[in-house]
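Heads up, the thing below is written out as structure tokens.
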Amino acid sequence: MAAGAAELRRLQWRLEELEQRVGGGDGACGPRKVADELVKVQVALSNIAGKRERIKILFKKIEDVIKYLDPQYIDRMAVPDAMKLQFILAEEQVIPSRAALLEQVKNLQPILDSASIQAVPDHAAKLQRLSQIHIQQQEQRQDLTDSVKMLLEDYNKMTLLLSKQFVQWNEILTQLEMAKEAKPVAE
């Protein structure tokens with residue numbers, strides 16, 4: 001009984017709070033009670049319904065209207081049980097494999113509920129920071145790779161030029177040695 005009285009006080013407080021928010025408190029016309037206004041609307045609708053025969057019929061059939069507006073109503077009407085049975089029988093070969101997959105998911109559910117998986121959102125900021133660091137390091141690596149490539153190209157060019165110079169000096173030295181050997185024989 002005490003719990004019911006407490007619940008009633010809580011509902012009354014919620015209704016007063018709602019009336020305060022909707023009615024705007026102490027206005028020029030005084031505080032408007034939402035419940036009073038709802039009663040007035042209900043009485044007006046009842047009076048209108050009592051005077052008009054079509055509305056009386058509509059109020060009597062409101063349950064049917066709600067039933068017809070239900071999205072599953074069409075499914076119940078359009079697909080008879082025999083057709084549903086045929087759908088199930090057509091999928092008979094696939095059902096065991098899907099059941100096995102569902103069983104596997106059920107067995108793996110503790111892993112998904114583990115503290116490590118639950119903490120993933122907490123680690124998102126750290127992962128974002130690490131991703132940014134990784135991107136920066138990739139850019140630095142690319143810059144370093146480009147500079148090393150340029151240094152290797154310069155080294156190769158320098159080695160080629162030095163090799164050509166050494167070949168020219170070797171040819172000149174060979175010609176001078178041959179000229180020197182040719183002179184003593186001729187004398």
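A few notes on this one:
- All positions within segment 34-51 that are more than 25 Å from GLN20 (Cα to Cα) and open to solvent by less than 90 Å² (accessible area, probe 1.4 Å): LEU45, SER46, ASN47, ILE48, ALA49, GLY50
- Boolean, GLU103 is part of a helix (DSSP H, G or I), out of contact with any Leu (no Cβ under 7 Å at 6 or more places or on another chain) and either on the phi > 0 side of the Ramachandran plot or open to solvent by 80 Å² or more (accessible area, probe 1.4 Å) (or both): yes
- Some residue of segment 112-119 being among the polar types (S, T, N, Q) and closer than 30 Å to ILE74 by Cβ: no
- Residue count, segment 53-81 (criterion: within 40 Å of the chain's Cα centre (by Cα) and among the hydrophobic types (A, V, I, L, M, F, W, C)): 7
- Test: residue in segment 109-120 that is part of a helix (DSSP H, G or I) and either open to solvent by less than 70 Å² (accessible area, probe 1.4 Å) or touching a Cys at 6+ places or on another chain (Cβ under 9 Å) (or both): no
- Tallying residues that are under 30 Å from LEU45 (Cβ atoms), assigned to a helix (DSSP H, G or I) and either open to solvent by 80 Å² or more (accessible area, probe 1.4 Å) or at pLDDT below 80 (or both) within segment 58-100 yields 13.
The values are calculated or read from the model by the stated rules, or taken from the named source; none is laboratory data. The structure presented is a predicted model; accordingly, all values stated were derived computationally and were not measured. Quick reminder, even Gly has a Cβ in these numbers, built from the backbone with ideal geometry, and neighbours come from all protein chains shown. The area values use the complete protein model at the heavy-atom level, side chains included, leaving out ligands, DNA and RNA. Shrake-Rupley method; radii C 1.70, N 1.55, O 1.52, S 1.80 Å.
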